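Here's the structure we're looking at; comments come further down.
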Amino acid sequence: MSDPFRKAVQQLARFPGVGEKTATRHAYWLLRQPPEAAENIAAAILGLKASVRECSVCCDLSDRELCARCADPRRNPALICVVERPQDVRAIDASGEFQGRFHVLHGALSPLDGVGPNELRIQSLVARLAAQEPGAECILATDPDVEGDATSLYVARLLRPLGVRVTRLAHGIAVGTEIEFADRVSLARALEGRREIS
């Protein structure tokens, strides 16, 4: 195999869920396409890195300083749903049940992986809720696994002294499932049946 081909396979194999065989298949596919196909893919990837940043309020990914959800006046600013990843925002929004705003932590507490509170967007969440009027609610929509539960408990302990109502998604999403892959009905039921963390 030529060196440029091997380099392409190595880089394509860096994508999640893509092994060497799939990366090799993708590289052969790219070779069969017109030159502009590879150029368009490369330009889109470079544009993604150059244009996408975190929203200054909710930390979701956006191409603007303020994302569309934070800029939408129809969304309830006193109802904030906290998620681990940007893709969780899209999954919950697709349920059609949530009309508040979001906050993306960009991960979950995982001491074994070196992820502590300082690696997450927790302090910006606390500051955001400290500035809210009384009666605000924070829905903790972290994954129903050990890391997600630990993150929810940690965040709840920080928010309670602020007088914020802290709730957690109800069961309706299977334990061990990532929110991104949950179906719409399960997400809608989980949002409707959320409960306060004691």
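The values are calculated or read from the model by the stated rules, or taken from the named source; none is laboratory data. This is a predicted model, so every value here is computed, not measured. No Cβ is skipped: glycine too gets one built from the backbone with ideal geometry, and neighbour counts run over all protein chains shown.
Observations
- Residue pairs whose Cβ atoms lie under 9 Å apart, sitting 6 or more positions apart in sequence or on different chains, and linking a residue in segment 78-90 that is closer than 19 Å to PRO134 by Cβ to a partner that is of a type in the set (Asp, Glu) and in a strand (DSSP E or B), are ALA78/GLU137; LEU79/GLU137; ILE80/GLU137.
- Annotation note: of ILE45, ILE41, the sole residue that is farther than 27 Å from ILE173 by Cα, of a type in the set (Val, Ile, Thr) and surrounded by fewer than 12 Cβ atoms within 10 Å (Cβ to Cβ) is ILE45.
- Selection from segment 8-38 of residues that are loosely packed, with under 12 Cβ neighbours inside 10 Å and of a type in the set (Lys, Arg): ARG14, LYS21, ARG32
- For segment 56-66, taking the residues that are assigned to a loop (DSSP other than H, G, I, E, B) and in contact (Cβ under 8 Å) with a residue 24 or more places away in the chain, the one that is surrounded by the most Cβ atoms within 10 Å (Cβ to Cβ) is identified as CYS58.
- Screening VAL57 with (1) over 17 Å from the mean Cα position of the chain (by Cα); (2) within 30 Å of GLU133 (Cα to Cα) gives one miss only, at (1).
- Only residues that are in the same structural domain as VAL89 (by TED's automatic domain parsing) and more than 29 Å from LEU125 (Cβ to Cβ) were counted across segment 38-71, and they come to 0.
- Criterion (in contact with a Gly (Cβ under 7 Å, 6 or more places away or on another chain) and either of a type outside the set (Ser, Thr, Tyr) or within 20 Å of ILE179 (Cβ to Cβ) (or both)) met by exactly one of GLU20, GLU65, GLU84: GLU84
- Segment 97-116, subset of a type outside the set (Gly, Ala, Ser) and touching a helix residue (DSSP H, G or I) at 6+ places or on another chain (Cβ under 7 Å), residue modelled with the lowest pLDDT: GLU97
- Matching entry among ARG74, ARG69, ARG101, ARG90 (being over 18 Å from ASP145 (Cα atoms) and in a loop (DSSP other than H, G, I, E, B)): ARG74
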